[in-house]
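Quick notes on the structure that follows.
Just so you know, all these numbers are worked out from the coordinates, no wet-lab data involved. All values derive from a computational prediction rather than experimental measurement. Note: ideal-geometry Cβ built from the backbone for every residue, glycine included; neighbour counts use all protein chains shown.
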Amino acid sequence: MNDRVVDFQRKFAEIATDCQKFCFMTRAKELQEEACNRLDELYNEAHALKLDLIYQKDEDAANAMLSFENTMTALRDELKMWIALKEDDPGSAWDYLVNAQRDARTALQVHTVGEHLIGYIQHLDILEHVLFPSQMFMSVGIIVTEAICSICGEEYGECDHIKGKAYMGEQCVRIINEVAQLEEVSIVDNPANKHCRIVSFSDGGVTRDFLTWRVIKKDTDSVVAPDEPVSA
């Protein structure tokens, strides 16, 4: 492996280990925020190194740095999840957790330096089921008429790039540009995108937030304060 990547890996391991000490509900919020700032600074350093490696056309090293980038954003988003829970903002906490899960899996997928993340991904999945109630998700069925490759801009499937694989520091994704029609909308247990969740529901003439169970609307659709009692 590139010597500069090896040196960065040592620095990353030290800072990441230190920051993980704050991934608990009882850790001080200000220390969790400091850990987020440290990870942001390290991310900027990693990104600059990746750009230099791309310039040098060292694809393996650039892909390794992409893995480190995603690992750092995953850890940072876990920390932000804990902070959001302390701030009584479970909706944002859920989004941070889902982002952390996504980025950790990307880091594992794009380079072998992310192989150690299998246990961390399992840790995030456990947090999902321990910290949050079971969610109801939405999924759509569509007929795609145009999708392009994020790497080359050509029609996806006509080029040699594979979705999910890294190419010179960038993960290939399939970009949907045009759909013919929406075929269905379904409620599912395992969606492709966990951000697409049902956020509220009707209950006895009021609307409740799915995560907090707080009343957010009366049956007259007037918005009420989160802790305001609803008259019969």
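For the range 137-188, the relative contact order comes to 53 percent (Cα pairs under 8 Å, sequence separation of at least 6).
For residue 202 and residue 145, the difference between the fully extended length at 0.36 nm per residue and the C-alpha to C-alpha distance is 16.9 nm.
Count charges around residue 56 for me, please; just the other residues with Cβ under 14 Å from its Cβ, Lys/Arg as +1, Asp/Glu as -1.
-2
A full extension of the chain between residue 184 and residue 115 corresponds to an added length of 21.1 nm, given 0.36 nm per residue minus the alpha carbon distance. Shown here is the pair-distance distribution of the range 3-131: with all Cα-Cα distances grouped in 10 Å bins from zero up to the longest one, the shares run 13, 45, 31, 10, 1 percent. Label positions at residue 129 and residue 193, each projected 7 Å from the Cα along the C-beta direction, are separated by 2.6 nm.
With everything on Cα atoms, drop me the angle between helix 118-131 and the longest principal axis of the chain, reported from 0 to 90° to the nearest 10. Compared with the principal axis, the helix lies near 10 degrees. Think of it as helices only: each DSSP H run of n ≥ 4 in the chain is worth -39500 (n - 2.57), and spread over all residues that comes to -16000 deg cm²/dmol at 222 nm. Calculated FRET efficiency, residue 11 to residue 56, Cβ-Cβ distance, R0 = 30 Å: about 0.90 to the nearest 0.05.
With +1 on each Lys and Arg Cβ and -1 on each Asp and Glu Cβ, how big is the dipole of the range 137-188 about its Cα centre, in debye rounded to the nearest 20?
Numbers: 3 positive and 9 negative charges, 55 e Å.
Using Cβ point charges on Lys, Arg, Asp and Glu, the range 137-188 gives about 260 debye.
Listed from fewest to most Cβ neighbours within 10 Å, the set 55, 96 follows the order 55, 96.
Is the C-alpha gyration tensor of the range 137-188 telling us rounded, prolate or oblate? Criteria: a/c under 1.5 is rounded; beyond that, a/b larger than b/c is prolate, otherwise oblate. It is oblate, given that a/c is not under 1.5 and a/b is not larger than b/c. Principal-axis analysis of the Cα atoms of the chain puts helix 90-110 at an angle of about 30° to the longest axis. Across the options 112, 56, 25, the greatest Cα extent toward the positive end of the charge dipole of the chain (unit charges at beta carbon of Lys, Arg, Asp, Glu) belongs to 25. Fewest neighbouring Cβ atoms within 10 Å first, the residues 201, 132, 8, 24 line up as 24, 201, 132, 8. Listed from fewest to most Cβ neighbours within 10 Å, the set 112, 212 follows the order 112, 212.
The calculated FRET efficiency for the pair residue 31 and residue 159, based on their C-beta separation and a Förster distance of 45 Å, comes to about 0.45. Spin-label pair residue 152-residue 174: with each label point 7 Å from Cα along the Cα-Cβ axis, the two points sit 1.6 nm from one another. Counting lysine pairs in the range 1-107 that sit 8 or more residues apart in sequence, or on different chains, and whose Cα atoms lie under 26 Å apart gives 11. The dipole here belongs to the range 3-131: it is taken about the Cα centre, uses +1 on the Cβ of Lys and Arg and -1 on the Cβ of Asp and Glu, and is about 160 debye.
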